[in-house]
Amino acid sequence: MSGLPDEVLDLLAAHGPVKLVARHNGQVVHVQSAPLSRELFLLVPRSSTILSALDTAPGAELIADDPQGSYQIRIKGRAVAGRQASRESRRSELIFWVPEKANLQSFIAVRLHPEHLDFSKAPVGAAEERWRAAGPVPGGELPPLVSRWGRLGSFGMTGGIAVALATCWFWILVIADEPHKRMFLLVVMALSSTSLLVGSVLLAQVWAFSRWREGTGPEGPAELLVAGWAGPHELTPVALGAGTLGAVLAILLGMVGDRSLFTGALLSSGVWWYLPYQALRHFMRQADTAEGV
């Protein structure tokens, strides 16, 4: 749900092309807005380089100023470069916003999730002052950065992290004979296990987002990226970094301690079943889609 006032949506509907500014690099493009019910889309040409900037950081600003000065609209939010417009579920509505002599296949449907609105109107009478309203959009605010990344890393795997920590504790109690080493080994193994798990979860989200964008997967497994909590180009290095840290710590456990500690770190992380499970789900959905066609 966009959360924008009806008056703003009506003005955007009649405005024509608007300015879209990428927060990542300040790039500005003119695009067609499509203010549908409950969602605000922007039709961006597939060749536009701003799409790469939005994949790096979804933050953006929409600017719509009336040439006559009767109104000014500034909308800051998360602009998610999604599917080709012809693959969007609401393509039957988006087609009415396509510029003349163009088609849906030429555009990417960018979803704008508004966070902050600055809206002003010219006075109606000479005695009135210019009317202005500015503030956060209801339902559009993101949680703090730490909690946002925490949810990205634990999305769908809170139980898995708890199991990983419990497994590490049990493994250390059984393997580590010297009590004074147990706490150190437990901390390192827990860090290795959770890093591997979080890295695999983040990679699975990027993969799910890519499949959704291509039209071969559902939106659910990638809902946090679809909602603009992070960009895929932003998330990928974090996922690879977490996975690499977990793997290095697991190798160090095997070199410094017992080889069974390396095995314990891998087993407790759940990577050995989580990534194959995600791949199996993907291929099963592809098979179902092929049968449906």
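The values are calculated or read from the model by the stated rules, or taken from the named source; none is laboratory data. Since this is a predicted model, take the numbers as computed values, not measurements. Using ideal geometry, Cβ is built from the backbone for each residue, glycine included, and neighbour counts are taken over all protein chains shown.
Quick one: would you say residue 52 is more than 27 Å from residue 6 (Cα to Cα) and surrounded by fewer than 16 Cβ atoms within 10 Å (Cβ to Cβ)?
yes
Quickly run through the range 39-86 and pick out the residues that are β-branched (Val, Ile, Thr) and either on the phi > 0 side of the Ramachandran plot or under 14 Å from the mean Cα position of the chain (by Cα) (or both).
Answer for the range 39-86, where residues must be β-branched (Val, Ile, Thr) and either on the phi > 0 side of the Ramachandran plot or under 14 Å from the mean Cα position of the chain (by Cα) (or both): 56, 80.
Just checking, how many residues over the range 1-31 are part of a strand (DSSP E or B) and either crowded, with 16+ Cβ neighbours inside 10 Å or out of contact with any Leu (no Cβ under 8 Å at 6 or more places or on another chain) (or both)?
So the count comes out to 7.
I need a count of the residues in the range 87-121 that are closer than 30 Å to residue 72 by Cβ, hydroxyl-bearing (Ser, Thr, Tyr) and within 26 Å of the chain's Cα centre (by Cα).
Count: 1.
Within the range 32-50, work out how many residues are among the β-branched types (Val, Ile, Thr), closer than 21 Å to residue 94 by Cα and not in a strand (DSSP E or B).
Final tally of qualifying residues: 1.
Residues to consider are 35, 58, 45; find the one that is touching a Phe, Trp or Tyr at 6+ places or on another chain (Cβ under 9 Å) and over 20 Å from residue 97 (Cα atoms).
On inspection, the qualifying residue turns out to be 58.
Quick one: which strands (runs of 3 or more DSSP E) sit completely within the range 51-163 and have at least 3 residues that are modelled with pLDDT of 90 or more?
In the range 51-163, 59-65, 71-84, 107-121 are the strands (runs of 3 or more DSSP E) which contain 3 or more residues that are modelled with pLDDT of 90 or more.
Which condition from (1) closer than 12 Å to residue 111 by Cα; (2) out of contact with any helix residue (DSSP H, G or I) (no Cβ under 9 Å at 6 or more places or on another chain); (3) crowded, with 21+ Cβ neighbours inside 10 Å; (4) not polar (S, T, N, Q) is the one that residue 58 breaks?
(2) is the only condition that residue 58 fails.
Looking only at residues that are among the hydrophobic types (A, V, I, L, M, F, W, C) and loosely packed, with under 15 Cβ neighbours inside 10 Å in the range 207-262, which one is nearest to residue 185 (Cα to Cα)?
The selected residue is 256.
Among the residues of the range 254-266, count how many are farther than 14 Å from residue 167 by Cβ and touching a residue at least 24 places away in the same chain (Cβ under 8 Å).
Matching residues across the range 254-266 total 2.
Per-residue answers, yes or no, for (1) part of a helix (DSSP H, G or I); (2) under 26 Å from the mean Cα position of the chain (by Cα); (3) free of Cβ contacts under 8 Å to residues at least 12 places away in the same chain:
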site	(1), (2), (3)
202	yes, yes, no
209	yes, yes, no
212	yes, yes, no
218	no, yes, no
245	yes, yes, no
268	yes, no, no
276	yes, yes, yes
279	yes, yes, yes
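Name the residue that is surrounded by the fewest Cβ atoms within 10 Å (Cβ to Cβ), counting only residues in the range 81-124 that are more than 23 Å from residue 52 (Cα to Cα) and of a type in the set (A, V, I, L, M).
Here the answer is 124.
Could you list, in sequence order, the residues of the range 36-64 that are of a type in the set (Lys, Arg) and in contact (Cβ under 8 Å) with a residue 40 or more places away in the chain?
46 - this is the single residue of the range 36-64 that is of a type in the set (Lys, Arg) and in contact (Cβ under 8 Å) with a residue 40 or more places away in the chain.
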